[in-house]
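See below for the structure under consideration.
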Amino acid sequence: QVNLVESGGGLVQPGGSLRLSCAASRIIFSIYAMGWYRQSPGKQRELVATITAGGITNYADSVKGRFTISRDNAKKTLYLQMNSLKPEDTAVYYCKTNSGRPEYWGQGTQVTVSS
C-alpha cells in the first residue's frame, strides 16, 4: 500500500532550523501534488505548505519567508526546511498527497520549539 513516512522532527531552540523529510513508497511520486500540515493540541490541523507536481509552491501566511517546501522526485521524498523557528511552530507535522483519491497521510513527526 501507499506509505508516507515523516522524519526529522525534534526539539529545537527558537530561531533554530530543522528539515523535515517525507519518504514515499508504492506511489508514482512525481505526479502527485504534496503538502505539509501541522496540528497542535487543541487546534485543528492546518495547512503549512503545498507543492504541485511541477514544483509550484504555496505557503500559509504564518510561515512565509521562513519555511521552504521542496521535493526530490528521484528520491521520492518531500522536504520542509524550517528556519527562524518560533514556539508557535510547535506541532505534529504531517505530509499528505494533495491530488488524486484517496488521499494519503503520513504518521506525523513532532516538532517542539522551546528554550
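The values are calculated or read from the model by the stated rules, or taken from the named source; none is laboratory data. Please read all numbers here as calculations on a predicted model, not as lab measurements. Don't worry about glycine lacking a Cβ; one is built from the backbone with ideal geometry, like all the others, and counts go over all protein chains shown. Keep in mind that these areas ignore ligands, DNA and RNA; they rest on the heavy atoms of the full protein, side chains included. Shrake-Rupley method; radii C 1.70, N 1.55, O 1.52, S 1.80 Å.
With a 1.4 Å probe and all protein chains left in place, how much accessible area per residue does region 23-115 have, in Å²? Don't skip to the end; give the middle numbers.
On the way: 4790 Å² over 93 residues.
With the other protein chains kept in place, region 23-115 gives 52 Å² per residue.
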Legend entry - Carbon/sulfur fraction of accessible area - the chain, other protein chains in place, 1.4 Å, %: 49
Inset, instruction - At a Cα cut-off below 26 Å, give the lysines reachable from Lys76, other chains included and same-chain residues fewer than 8 away excluded. - result: Lys64, Lys96
Legend entry - Rg in Å to one decimal, and Dmax rounded to a whole Å, for the chain via C-alpha atoms: 13.3, 41
Inset, instruction - Quick one: work out Rg over Rh on the C-alpha atoms of region 1-64, Rh as Kirkwood radius. - result: 0.99
Legend entry - Cα-projected label distance for Asp61 with Ala23, points at 7 Å along beta-carbon direction, nm: 3.8
Inset, instruction - Could you compute the FRET efficiency for Ser30 and Ser7, with r as their C-beta to C-beta distance and R0 at 25 Å, rounded to 0.05? - result: 0.75
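Calculate the dipole size of region 5-115 relative to its Cα centre from +1 charges on Lys and Arg beta carbons and -1 charges on Asp and Glu beta carbons; express the result in debye to the nearest 20.
Roughly 200 debye, rounded to the nearest 20.
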Legend entry - Top of Gly16, Gly42, Gly100 by mean-square fluctuation, Gaussian network on the chain, Cα under 10 Å: Gly42
Inset, instruction - Output ³J(HN,Hα) for region 70-82: one whole-Hz value per residue in order, computed from phi by the Karplus curve 6.51 cos²θ - 1.76 cosθ + 1.60 with θ = phi - 60°, and x for Gly and Pro. - result: 8, 9, 10, 5, 5, 8, 6, 10, 9, 10, 9, 8, 10
